[in-house]
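One structure below.
The values are calculated or read from the model by the stated rules, or taken from the named source; none is laboratory data. As the structure is a prediction and not an experimental result, all values here were calculated from the model. Note that each Cβ is placed from the backbone with ideal geometry, even for glycine, and that neighbours are counted across all protein chains shown. Side chains are part of the model used for accessible areas, which takes the heavy atoms of the whole protein and leaves out ligands, DNA and RNA. Shrake-Rupley method; radii C 1.70, N 1.55, O 1.52, S 1.80 Å.
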Amino acid sequence: MTDDKDVLRDVWFGRIPTCFTLYQDEITEREAEPYYLLLPRVSYLTLVTDKVKKHFQKVMRQEDISEIWFEYEGTPLKWHYPIGLLFDLLASSSALPWNITVHFKSFPEKDLLHCPSKDVIEAHFMSCVKEADALKHKSQVINEMQKKDHKQLWMGLQNDRFDQFWAINRKLMEYPAEENGFRYIPFRIYQTTTERPFIQKLFRPVSTDGQLHTLGDLLKEVCPSAVAPEDGEKKNQVMIHGIEPMLETPLQWLSEHLSYPDNFLHISIIPQPTD
């Protein structure tokens with residue numbers, strides 16, 4: 001893995017200023033003040049919002065509280081998507097802070113998975129890491145790790161410990177010197193304009209003639225509508241971690257440096273803002 005440690009740090013410490021407001025129809029005993037928080041892009045909503053939950057529960061009666069869930073402008077927020085992905089996909093063109101509405105009733109069963117405990121988040125996270133390693137190394141790296149290594153990955157994410165996480169994660173980002181990259185690149189492409197949750201296909205980082213594939217090559221193959229024709233106007237933004245990487249960027253480099261902790265590149269295709 002090429003050592004661009006500053007990039008890894010910048011990605012890890014990316015934060016989104018957020019204002020949480022209690023939904024107007026929730027029953028409270030006194031007025032609920034909004035709660036402000038810097039949300040880590042690489043984490044999950046249900047992992048970092050214990051303080052939000054406690055803040056609003058203080059003004060509510062126990063019988064009016066059931067499972068917490070979050071919503072932005074009418075869209076329930078999927079807790080199993082990383083926070084940065086949710087923001088890029090749904091709110092990247094809006095002003096900060098990100099305004100999220102908090103609910104304790106009427107859980108939207110059709111839209112969201114239940115999240116009864118942190119164990120559920122851990123299980124989801126680890127299953128993504130394992131799927132990514134199956135694509136990258138036929139699962140060899142993750143299977144050679146001990147249970148305590150898996151736990152260290154999770155605890156590093158849960159406790160926001162960059163060095164603890166990367167001490168283990170760097171092994172998942174290595175590949176044999178005689179090869180130019182991973183077997184396949186773990187990626188998911190998301191669009192708000194389709195019903196399909198995301199696009200995920202097998203795609204190699206290196207072409208058969210040894211050329212490094214780029215982000216543009218990936219998009220042309222699996223999501224051609226995202227790329228503007230050479231003489232046409234740009235209709236979409238391609239975002240990872242709140243930035244638009246150049247389409248000439250090698251996919252292998254992106255996978256090593258801009259993957260989320262679950263080892264996937266989560267790519268948002270959003271309509272170009274008309275301002």
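Shape of the range 58-146 from its Cα gyration tensor (a ≥ b ≥ c, root eigenvalues): rounded if a/c is under 1.5, otherwise prolate when a/b > b/c, or oblate?
Details: a/c = 3.00, a/b = 1.64, b/c = 1.83.
Oblate shape, in that a/c is at least 1.5 and b/c is the bigger or equal ratio.
With springs only between Cα atoms under 10 Å apart, run a GNM on the chain and tell me which of GLU122, GLU221, GLU63 wobbles the most.
GLU63
For the range 99-206, what is the Kirkwood hydrodynamic radius in Å, using each pair of distinct C-alpha atoms? Provide the component values of the computation, followed by the final result.
Numbers: mean 1/r = 0.0607 Å⁻¹.
Here the Kirkwood hydrodynamic radius works out to 16.5 Å.
If we count every other residue with Cβ under 13 angstrom of LYS220's Cβ, Lys/Arg +1 and Asp/Glu -1, where does the sum land?
Values: positive: LYS201; negative: ASP217, GLU221, GLU230, GLU248.
Charge balance in the 13 Å sphere: -3.
Using a Gaussian network model of the chain whose springs link C-alpha atoms within less than 10 Å, name the residue from HIS213, HIS55, HIS137 with the highest mean-square fluctuation.
Answer for the Gaussian network model of the chain: HIS55.
How much area per residue is accessible in the range 13-103 when the probe is 1.4 Å and only protein heavy atoms are counted (Å²)? Numbers along the way, then the final one.
Details: 4320 Å² over 91 residues.
So the range 13-103 comes to 47 Å² accessible per residue, rounded to a whole number.
Ignoring ligands, DNA and RNA, what percent of the 1.4 Å accessible area of the chain is carbon and sulfur?
On the way: 6970 of 14200 Å².
Reported share for carbon and sulfur atoms: 49 percent.
Report, to one decimal in Å, the Kirkwood hydrodynamic radius for the chain based on all distinct Cα pairs.
Values: mean 1/r = 0.0499 Å⁻¹.
Answer for the chain: a Kirkwood hydrodynamic radius of 20.0 Å.
Once the convex hull of the C-alpha atoms of the range 13-103 is built, how many Å³ does it hold per residue, rounded to a whole number? All intermediate terms of the calculation are to be shown ahead of the outcome.
Values: hull volume 8.3 nm³, N = 91.
With only Cα atoms used, the range 13-103 gives 92 Å³ per residue.
Quick check on the range 9-60: take the gyration tensor over C-alpha atoms, sort the square-rooted eigenvalues as a ≥ b ≥ c, and tell me if it's rounded (a/c under 1.5), prolate or oblate. The partial results should precede the final answer.
Values: a/c = 3.38, a/b = 2.68, b/c = 1.26.
Judged from the Cα gyration tensor, the range 9-60 comes out prolate (a/c at least 1.5, a/b above b/c).
Could you tell me the accessible area of LYS138 in Å² (1.4 Å probe, neighbours in place), rounded to the nearest ten?
Around 130 Å² of this residue is reachable by solvent.
If you average the alpha carbon positions of the range 207-275 and of the range 82-114, how far apart do those two centres end up, in angstrom?
So the two Cα centres are separated by 23 Å.
Accessible area per residue of the range 182-251 at 1.4 Å probe, in Å²? It would help to have the intermediate numbers written out before the result.
Values: 4040 Å² over 70 residues.
Normalised by residue count, the accessible surface of the range 182-251 is 58 Å².
Any idea what angle helix 162-172 forms with the longest principal axis of the chain, computed on alpha-carbon atoms, 0 to 90 degrees, nearest 10?
The angle comes out near 40 degrees.
Among ASP133, ASP160, ASP25, which one shows the highest mean-square fluctuation when the chain is modelled as a Gaussian network with alpha-carbon springs under 10 Å?
It is ASP25.
Can you tell me the orientation of helix 118-137 relative to the chain, as the angle in degrees between its alpha-carbon axis and the longest Cα principal axis, to the nearest 10?
That works out to roughly 10 degrees.
Report for the chain the percent antiparallel among DSSP-assigned beta bridges with both residues inside it, nearest 5. All intermediate terms of the calculation are to be shown ahead of the outcome.
Numbers: 19 of 29 bridges.
Bridges in the chain are about 65 percent antiparallel.
Can you give the FRET efficiency to the nearest 0.05 for TYR23 and MET126, using r as the Cβ-Cβ distance and R₀ = 35 Å? Display every interim value, and only then the final one.
On the way: r = 32 Å, r/R0 = 0.92.
The pair TYR23/MET126 has a calculated efficiency of 0.65.
Can you tell me the orientation of helix 147-158 relative to the chain, as the angle in degrees between its alpha-carbon axis and the longest Cα principal axis, to the nearest 10?
It works out to around 60 degrees.
How high is the relative contact order of the range 35-89? Use alpha-carbon pairs under 8 Å, at least six apart in sequence, and give a whole percent. Don't skip to the end; give the middle numbers.
Values: 34 pairs, mean separation 29.1, N = 55.
In percent, rounded to a whole number, it is 53.
Taking every alpha carbon pair in the range 118-173, what does the distance histogram look like in 5 angstrom bins from 0, in percent?
4, 20, 31, 27, 14, 2
Taking the Cβ-Cβ separation of LYS5 and LEU212 as r and a Förster radius of 22 Å, what is the calculated FRET efficiency to the nearest 0.05?
The formula returns an efficiency of 0.55 here.
In percent, what relative contact order does the chain have, based on Cα pairs under 8 Å that are 6 or more apart in sequence? Please report the intermediate quantities before stating the final value.
Working: 430 pairs, mean separation 52.7, N = 275.
In percent, rounded to a whole number, it is 19.
For the range 130-173, what is the relative contact order in percent, using Cα pairs closer than 8 Å and at least 6 residues apart in sequence?
On the way: 29 pairs, mean separation 13.3, N = 44.
Contact order relative to length: 30 percent.
Compute the accessible area per residue over the range 118-173, keeping the other protein chains in place, probe 1.4 Å, unit Å². Present the calculation step by step, with values, prior to reporting the outcome.
On the way: 2740 Å² over 56 residues.
So the range 118-173 comes to 49 Å² accessible per residue, rounded to a whole number.
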